[in-house]
Amino acid sequence: MVSIGNLLEPIAVIGLSCAFAGDINSPDDLWNVLKDSVNVNSEIPKERLDLESYVYDRLTNDPLLKDTLIHRGYFMSTDNLDKFDPGYFGLTDNDTLLLEPGHRILLQKFVHLLDDAGYTIDQIRGTNTSIYIGQFSSDFQRVISRQSIEHRKRLMDVFSGLFNASARIAYHFDLHGPNATIDTACSSSLQAIHIACQTLRNNEADYAVAGGISVHFAPDMFYGYSLIGAVSPDGRSRSFSNDANGYGKGEGCGLVFLKRLTDAERDGDRIYCLIHDIISNHDGQRFKTGYTAPTEFAQNLLLNKIYSRNPQIDRNDIFYAEAHGTGTQVGDPIEANALGHFFNRTQFDSPLLIGSVKSNIGHTEGAAGVAPLIKVALCMKHRLIPPQMHFKQLNPKIRARQYNLHVVQHLTHFPSSSHISTYRPVLIGINSFGIGGNNAHCIVQEYLQPPSQGLQNGHTKDEIEEQYMVLMFSSKCQKSLKTHIQKCHHWLSNILMGKEEEEKNFLIQLSYKLLFHRTLSYSQRISFVFKDQQELQQQLLSFLSDKNYRSGVSTWIDQTDQYNEKTICFVYSGQGPQWWSMGRQLYYTEPIFRQWIDRIDYELKQVTHDWSLLDELIYTKEEHQSRINDTNIAQPCLFALQVALTALWLSWNVYPKVIVGHSVGEIAAAYINGHFTLK
């Protein structure tokens with residue numbers, strides 16, 4: 001019998017976006033919190049969740065209620081909830097009042113997801129993209145249901161229903177693939193990822209986006225979970241620790257951008273990691289002690305099922321398991337012992353490492369399945385496992401010594417030897433369980449990138465050390481444009497560069513991504529031309545400190561005026577503006593420009609033998625040796641340069657509506673317009 005796992009194409013994770021407790025607004029923010037064990041636990045924000053008033057106002061007859069009050073948790077910053085630009089998404093202020101705050105965050109994080117994956121809104125619009133979002137409660141609807149304005153309540157039921165979590169994204173970005181909001185309680189978002197992967201493998205979609213959302217507004221839901229003992233009285237998650245007393249309620253949003261591996265490699269996407277396989281099951285009833293209690297039997301069945309259908313994976317190669325890790329005295333031992341029993345490492349020196357992101361950001365419920373995948377993707381990127389927060393001593397019910405289990409307690413490097421061969425990718429397992437009994441497990445594989453081919457055409461670093469780069473920003477208004485530039489300046493200020501070559505490679509990649517993989521068609525655009533980080537930072541700072549800043553090496557475009565439709569004209573110059581070494585940098589850095597210079601040089605050599613286009617433009621080392629001002633050399637050089645520049649612009653989708661030439665420039669214009677051949 002052929003194993004299904006052998007037939008499954010890995011799914012590439014090519015983009016991440018997230019917002020979690022405190023000021024976590026990006027994957028980089030999350031990684032800093034994880035690796036440095038930053039505490040983002042906080043007091044419950046009373047302006048939107050006054051649990052104390054709710055309890056005392058409604059249930060004052062029970063004197064024991066005071067002991068059930070919870071004062072802390074993991075809450076997103078107010079900015080994530082309040083700062084929303086409705087116009088960006090084609091919404092009015094009235095529309096926004098009907099839109100659940102969690103769904104606003106999803107729209108914003110979808111834009112950030114595209115940015116991280118290197119796709120523009122125009123590139124994704126109209127595509128066959130599936131959207132699956134995990135959300136298992138709408139606190140916003142519960143709050144609105146208590147309002148007295150009947151017509152507003154009816155509208156809220158339509159516009160803030162759970163189905164809108166996924167439907168809103170598809171509507172606002174014109175996406176035509178399968179679409180659904182998934183509710184399997186705490187495993188909702190990993191189930192959403194599971195189904196999204198299926199749409200790719202079944203060719204129902206070309207791209208897939210999956211994730212989850214959780215925002216707390218309703219005190220009754222918050223209070224209800226504390227009554228059943230699921231929530232920690234002090235609002236902190238302590239996965240696997242002997243003092244664990246429930247999970248800390250958390251808020252969050254996480255999204256992942258998925259593609260088939262062959263498509264991602266074909267398109268040159270940056271790949272964080274691969275989803276090798278993902279499956280789910282249910283506890284059933286037979287082995288459960290109660291409806292909300294987990295069962296080791298079902299979790300072992302799940303692990304046996306996924307690894308038996310993937311015989312090419314040796315379970316001993318799973319060196320780390322990102323666990324569900326609720327931080328309860330019942331759930332933690334059941335999960336840890338199920339993992340230990342299945343991955344039994346007693347025959348190996350290296351233990352099975354376990355941990356859970358819940359100790360860092362709380363139990364994010366609807367986003368509790370995507371959060372560990374984002375964490376694991378970042379671990380793959382940095383080849384590190386961050387330490388487990390709030391861990392003192394192991395829960396004595398966990399049979400760690402019997403199974404050779406170990407909770408990660410310090411920043412741990414990926415394995416490079418021992419029983420895991422150095423040339424084999426690292427594998428990590430992810431658990432996610434729902435309180436109703438729905439379980440999911442995901443196998444994540446490290447992506448081994450093909451080795452770099454280095455510089456093209458044999459040119460050396462010395463030949464391109466004066467290479468200039470362009471950084472371009474675009475937004476719908478000047479205020480948001482300035483905000484983007486402020487963030488970039490702050491981000492660059494906090495990046496510690498290594499060697500000069502590493503800095504240049506980083507800036508080249510940044511420049512390329514902003515130019516070709518960001519939406520740049522907004523009315524406000526500005527570009528900065530620079531040769532190194534110091535010069536870029538100086539220009540950014542000058543712009544931010546001067547309202548009327550217009551740099552001589554930068555371009556500002558404002559299309560909010562009456563001239564929204566710009567007509568492009570290519571003007572081809574006659575003799576006079578030529579200069580020594582013109583086009584040299586482009587020759588070394590732009591393959592299309594280089595191809596056309598080489599082609600024209602070849603044709604010139606068929607009719608002239610006393611000089612070479614390449615010798616004059618590219619290889620002449622000293623200016624005094626140049627003959628660029630001789631008419632018989634200047635004119636062919638100008639023709640070649642302008643034709644090669646045109647080819648380069650056309651490759652960037654810059655097309656003229658008008659072509660004009662002066663003097664020898666008329667020859668270039670006529671050639672571009674197809675009036676004669678190069679020969």
- Query: How many residues are in contact with an Asp or Glu (Cβ under 9 Å, 6 or more places away or on another chain) and either of a type in the set (Asp, Glu) or surrounded by fewer than 16 Cβ atoms within 10 Å (Cβ to Cβ) (or both) when one looks only at the stretch 292-314?
  - Reply: 3
- Query: Out of curiosity, is Ile374 touching a Pro at 6+ places or on another chain (Cβ under 8 Å) and in contact (Cβ under 8 Å) with a residue 12 or more places away in the chain?
  - Reply: yes
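One line per residue, one yes/no per condition, for (1) crowded, with 22+ Cβ neighbours inside 10 Å; (2) of a type in the set (A, V, I, L, M):
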position	(1), (2)
His194	yes, no
Ala205	yes, yes
Val209	yes, yes
Gly229	no, no
Glu251	yes, no
Leu258	yes, yes
- Query: Lys679 fails exactly one of the following numbered conditions: (1) under 41 Å from the mean Cα position of the chain (by Cα); (2) assigned to a loop (DSSP other than H, G, I, E, B). What is the number of that condition?
  - Reply: (1)
- Note on the structure: Of (1) among the small types (Gly, Ala, Ser); (2) assigned to a loop (DSSP other than H, G, I, E, B); (3) within 20 Å of the chain's Cα centre (by Cα), Ser137 fails just (3)
- Query: So which residues in the stretch 572-604 are in a helix (DSSP H, G or I), charged (D, E, K, R) and in contact with a helix residue (DSSP H, G or I) (Cβ under 8 Å, 6 or more places away or on another chain)?
  - Reply: Arg584, Arg594, Asp598, Asp601
- Message: Quick test of your reading of the structure: Leu200 fulfils all but one of (1) more than 15 Å from Leu373 (Cα to Cα); (2) touching a residue at least 24 places away in the same chain (Cβ under 8 Å); (3) outside the structural domain of Asp263 (by TED's automatic domain parsing); (4) not in a loop (DSSP other than H, G, I, E, B). Name the failing condition by number.
- Response: (3)
- Of (1) assigned to a helix (DSSP H, G or I); (2) modelled with pLDDT of 85 or more; (3) surrounded by 15 or more Cβ atoms within 10 Å (Cβ to Cβ), Ser542 fails just (3)
- Query: Does Leu614 meet the test of being at pLDDT 80 or above, closer than 22 Å to Phe530 by Cα, of a type in the set (A, V, I, L, M, F, W, C) and buried (at least 17 other Cβ atoms within 10 Å of the Cβ)?
  - Reply: no
- Per-region count, the stretch 393-408, residues surrounded by 12 or more Cβ atoms within 10 Å (Cβ to Cβ) and in a loop (DSSP other than H, G, I, E, B): 6
- Note on the structure: Scanning the stretch 121-134 residue by residue, those among the β-branched types (Val, Ile, Thr) and either at pLDDT below 90 or outside any loop (DSSP other than H, G, I, E, B) (or both) turn out to be Ile121, Ile124, Thr129, Ile131, Ile133
- Are any of the residues in the stretch 315-331 part of a helix (DSSP H, G or I), at negative phi, crowded, with 20+ Cβ neighbours inside 10 Å and in contact (Cβ under 8 Å) with a residue 12 or more places away in the chain? yes
- Item | Close pairs from the stretch 638-666: first more than 14 Å from Tyr572 (Cβ to Cβ), partner β-branched (Val, Ile, Thr), Cβ under 8 Å, at least 6 apart | Leu648/Ile592; Ser651/Ile592; Val654/Ile568; Tyr655/Ile568; Lys657/Thr567; Lys657/Ile568
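Conditions tested, residue by residue: (1) of a type in the set (Lys, Arg); (2) out of contact with any Lys or Arg (no Cβ under 8 Å at 6 or more places or on another chain); (3) under 19 Å from Ile124 (Cα atoms).
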| site | (1), (2), (3) |
| --- | --- |
| Val209 | no, yes, yes |
| Pro219 | no, yes, no |
| Arg236 | yes, no, no |
| Ser239 | no, no, no |
| Gly246 | no, yes, no |
| Glu251 | no, yes, no |
| Leu255 | no, no, yes |
| Lys259 | yes, yes, yes |
| Ala264 | no, yes, yes |
- Message: Quick check on Thr346: is it in a loop (DSSP other than H, G, I, E, B), within 23 Å of Ser37 (Cβ to Cβ) and over 20 Å from the mean Cα position of the chain (by Cα)?
- Response: no
- Within the stretch 549-580, restricting attention to residues that are at pLDDT 65 or above and either crowded, with 16+ Cβ neighbours inside 10 Å or among the basic types (Lys, Arg) (or both), which residue is farthest from Tyr619 (Cα to Cα)? Lys566
- Task: Inspect the stretch 102-116 for any residue being over 22 Å from the mean Cα position of the chain (by Cα) and part of a helix (DSSP H, G or I) and give the result as yes or no.
- Result: no
- Determine which single condition Asn360 fails, assuming it passes every other condition in (1) out of contact with any Gly (no Cβ under 6 Å at 6 or more places or on another chain); (2) among the polar types (S, T, N, Q); (3) more than 30 Å from Thr181 (Cβ to Cβ). (3)
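The values are calculated or read from the model by the stated rules, or taken from the named source; none is laboratory data. Since this is a predicted model, take the numbers as computed values, not measurements. Positions of Cβ are generated from backbone atoms using ideal geometry, with glycine treated the same way; all protein chains shown enter the neighbour counts.
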